[in-house]
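Chemist: This is the structure I have questions about; it appears just below.
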Amino acid sequence: MLIDRYLLRAQLQAFCIVFLSLAGLTFVIDAFTNLEEFVSHGEKAGGLARVLGQYYGYRLISFFDATSPVISLASGMFALSWLERHNELTALLAAGITRWRIARPAILFTAAVSLLAVTNREFVLPLIRTEIARNAQDLSGKTEKSFDARYDHQTEILFRGRTYREIARRIDSPSLLMPPLLADYGPQIDATDAVWQEANADHPAGYLLRGVQSPPDIDTLPPLELGGETIVSTMASAAWIKPKQCFVTSDVTFEQMIGSNNWSLYSSTPELVQAIANPSLGVGAEVPLRVHARFVAPFLDMSLALLGIPLVVGPNRRGVFVAVGLCVLMTVVFFLTTLGFHALATGYVLGPSLAAWAPLLALASLAAWRAQPMWE
């Protein structure tokens, strides 16, 4: 138990130092690059310190999600190398303590960090993904950004627009290209803006078009239906709709409509599964791949640790600097293998499930072979 506490304390200290150092270096460079934007926004939002604290506080959480596997390995290598450097590892082996017993605290620490990362990924990041999506040039969320056309694959309506504003969840100058089955009003519906509306007692989820210009007689037109469901509602069919407005039903949320990657990158696994089942989205291979990768991630984290730890604790121990160099090389190969299989899935060469699990089959087998001498 004494050696466990000693190694766990050393690894925790190393993890905190490496994590805060890397995050601090990254954030300081970014802060100086965008200092003018932070100062300008700080004058309206309670001061520069408050703006920087909020902005980088959210990013510290996403930084942990991205770097925790590598930093766990680095901290474990540091703790075990510290034993080697002070000849404590030789003394422990001479006392009859097995290599597996020495490496166990580092492996357990990696497992704990991996479970913490899973919790962070499933419960914390989905709550703050809107804040993470805003960059230094759009701290208020009011900046106009170019809008790219997107289909609702269930109704086959093509949503087009000039710009959008994220905080208002509004598309400026929308022009909806209607499919033949919904073209009773004409080929398109033009309006001043379109605002995303959550589902409530009056209507399902969709977009409220305000200042409708085409068709000009929108207030007197009957609703448009498709498959027995109302897709476009007007003032003539819904009392809550005001003049020169119409409501277009859509299951494509505003985040998904503007093409933000954050909705899938920082959504929980149940939300991703719902997105796959949503016929309006027509998701590609990226979302199913991400779902499978969520299940694989903890096992890949453990495989990475078991590939690196034997470089220090294994019977063929090398110098500290040689072990660190081999660890860096091994980490690069590890991530290139994983990213390579993922690229094959996004390129539709492999299926998402195979591309997500294949790296684990290859790397876990290699990790078991590399870690086998520790059990002997």
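Chemist: Run Asn316 past the list (1) surrounded by 15 or more Cβ atoms within 10 Å (Cβ to Cβ); (2) part of a loop (DSSP other than H, G, I, E, B) and report the number of the one that doesn't hold.
Modeler: (1)
Chemist: Next up: Kindly provide the set of residues from the range 86-100 that are of a type in the set (Ser, Thr, Tyr) and part of a loop (DSSP other than H, G, I, E, B), ordered by number.
Modeler: Within the range 86-100, the subset of a type in the set (Ser, Thr, Tyr) is 90, 98.
Across the range 86-100, the qualifying residue is only Thr98.
Chemist: Another question about this same structure. Can you name the residue in the range 114-151 that is part of a loop (DSSP other than H, G, I, E, B) and of a type outside the set (Gly, Ala, Ser) and, of all such residues, is surrounded by the fewest Cβ atoms within 10 Å (Cβ to Cβ)? Break it down stepwise before answering.
Modeler: Within the range 114-151, the first condition is being part of a loop (DSSP other than H, G, I, E, B), and the residues that meet it are 134-135, 139-144, 147-149.
Pick out the ones that are also of a type outside the set (Gly, Ala, Ser) and you get 134-135, 139, 142-144, 147-148.
Working: Arg134: 17, Asn135: 12, Leu139: 21, Lys142: 10, Thr143: 15, Glu144: 13, Phe147: 21, Asp148: 12.
Among those residues, the one meeting the criterion is Lys142.
Chemist: Taking the residues in the range 291-313 that are in contact with a Ser or Thr (Cβ under 6 Å, 6 or more places away or on another chain) and either charged (D, E, K, R) or assigned to a loop (DSSP other than H, G, I, E, B) (or both) as candidates, determine which candidate is nearest to Glu122 (Cα to Cα).
Modeler: The qualifying residue nearest to Glu122 (Cα to Cα) is Arg294.
Each row is one residue, and each column tells you yes or no for (1) among the hydroxyl-bearing types (Ser, Thr, Tyr); (2) surrounded by 18 or more Cβ atoms within 10 Å (Cβ to Cβ); (3) in the same structural domain as Ala323 (by TED's automatic domain parsing).
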| residue | (1), (2), (3) |
| --- | --- |
| Gln54 | no, no, yes |
| Ala66 | no, no, yes |
| Phe78 | no, yes, yes |
| Leu83 | no, yes, yes |
| His86 | no, no, yes |
| Ile97 | no, no, yes |
| Arg101 | no, no, yes |
| Pro105 | no, yes, yes |
| Thr110 | yes, yes, yes |
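Chemist: Sticking with this structure for a sec: Residues to consider are Ser233, Ser303; find the one that is outside the structural domain of Thr110 (by TED's automatic domain parsing) and either on the phi > 0 side of the Ramachandran plot or hydroxyl-bearing (Ser, Thr, Tyr) (or both). Working first, answer last.
Modeler: Details: Ser303 fails: outside the structural domain of Thr110 (by TED's automatic domain parsing).
When all the criteria are applied, what remains is Ser233.
Chemist: If Ala275 satisfies every condition in (1) more than 30 Å from Thr163 (Cβ to Cβ); (2) part of a helix (DSSP H, G or I); (3) not aromatic (Phe, Trp, Tyr) but one, which is the exception?
Modeler: Exception for Ala275: condition (1).
The values are calculated or read from the model by the stated rules, or taken from the named source; none is laboratory data. Bear in mind the structure is a predicted one, so any value in this text is a computation, not a measurement. Cβ: placed from backbone, ideal geometry, glycine included. Neighbour counts: every protein chain shown.
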